[in-house]
Amino acid sequence: MTLRTPGTGRLVFTVMCLLAAALPAAAHDFWIEPAEFRPAVGESVPVVLRVGEDFSQRSFVDLEADRFNAYLEAEGLDAVIKTRQRRGEAATNGRELYSRCAKALVRVGAAAGSAGFDQVLGYPLELVPRTDPYALSLPGTLRLALTFSGKPVAGVLVVAFTAEQPQQRLRARTDARGEVRLRLDRPGRWLVKAVHMVELPDTDPQADWESYWASLTFGL
């Protein structure tokens, strides 16, 4: 797809929510990657949707116990791990519905001010910048809020890394206000992501859990 930037010299969001694809848990990550994060006013920007490790429906996956447990640990879903252990379910398969909520933040032109970086789009799980990433002087602290169904969600692991150095990851959990601070230490194409999982009622015949995967990309 291609985005044509407005002639405002401001910020514009490129968005896509809830990609549906029956992929392994190791490939859950989904993000939006514009060809250029700082286009000129009026410039056309090709946009690619990426799925990998390191459009509005849910997808289902049934994972063997070992794979499901490893995935929960990798994504920092400690509460789910403890619940499964307490119930004696650690050796059972993980039956999960999942959906993705992705955003990309593009800076249009070289305007001194900016607007729109903190726009709320109403995703089920949403990362909302509280500070403008494009206004940071590196190293600088990026403050974000994480909401689930429009409300702050605490204790969720937020991970950030660049495409250029994906193994050097920043990790922090949201506080009681659903906020997190990340000390961005280098330029690059940044991906910030968070995963939140909830238990489904016993009346659901298909799955036991439902996860939501939020992502935010921008370029510094």
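The values are calculated or read from the model by the stated rules, or taken from the named source; none is laboratory data. Keep in mind it's a predicted model, so treat the numbers as computed, not measured. A quick note on method: Cβ atoms are made from the backbone with ideal geometry, for glycine too, and the neighbour counts reach across all protein chains shown.
Any chance you could count how many residues in segment 203-220 are outside any strand (DSSP E or B) and of a type in the set (Ser, Thr, Tyr)? Working first, answer last.
Taking segment 203-220 and keeping what is outside any strand (DSSP E or B), we get 203-208, 220.
Checking the rest, the ones that are also of a type in the set (Ser, Thr, Tyr) come to 203.
Qualifying residue count, segment 203-220: 1.
Restricting the search to segment 165-206, which residues are hydrophobic (A, V, I, L, M, F, W, C) and either under 19 Å from residue 104 (Cβ atoms) or crowded, with 18+ Cβ neighbours inside 10 Å (or both)?
To start, the set of residues in segment 165-206 that are hydrophobic (A, V, I, L, M, F, W, C) comprises 170, 172, 176, 180, 182, 184, 190-192, 194-195, 197-198, 200.
Those that are hydrophobic (A, V, I, L, M, F, W, C) and either under 19 Å from residue 104 (Cβ atoms) or crowded, with 18+ Cβ neighbours inside 10 Å (or both): 170, 180, 182, 184, 190, 191, 192, 194, 195, 197.
Hey, among the residues in segment 77-93 that are within 15 Å of residue 198 (Cβ to Cβ) and not charged (D, E, K, R), which one's surrounded by the most Cβ atoms within 10 Å (Cβ to Cβ)? Full working, then the answer.
Taking segment 77-93 and keeping what is within 15 Å of residue 198 (Cβ to Cβ), we get 77-84.
Restricting the remaining residues to those that are not charged (D, E, K, R) gives 77, 79-81, 83.
Working: 77: 21, 79: 14, 80: 23, 81: 15, 83: 15.
Taking the candidates together, the pick is 80.
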- Within segment 198-219, identify whether any single residue is of a type in the set (Val, Ile, Thr) and at pLDDT 95 or above, and answer yes or no. no
- Flagged in segment 170-202 as small (Gly, Ala, Ser) and in a strand (DSSP E or B), in numbering order, are 172, 194
- Failed item, numbered, when residue 143 is tested on (1) at pLDDT 95 or above; (2) more than 14 Å from the chain's Cα centre (by Cα); (3) outside any loop (DSSP other than H, G, I, E, B); (4) farther than 30 Å from residue 43 by Cβ: (4)
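Take residue 171 and tell me if it is of a type outside the set (Ser, Thr, Tyr) and under 14 Å from the mean Cα position of the chain (by Cα). Give the steps one after another, and end with the answer.
On the way: of a type outside the set (Ser, Thr, Tyr): yes; under 14 Å from the mean Cα position of the chain (by Cα): yes.
Yes; evaluated as a whole, the condition is true for this residue.
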- Only one residue in 121, 97 is surrounded by 14 or more Cβ atoms within 10 Å (Cβ to Cβ), touching a Lys or Arg at 6+ places or on another chain (Cβ under 8 Å) and not in a helix (DSSP H, G or I), so which one is that? 97
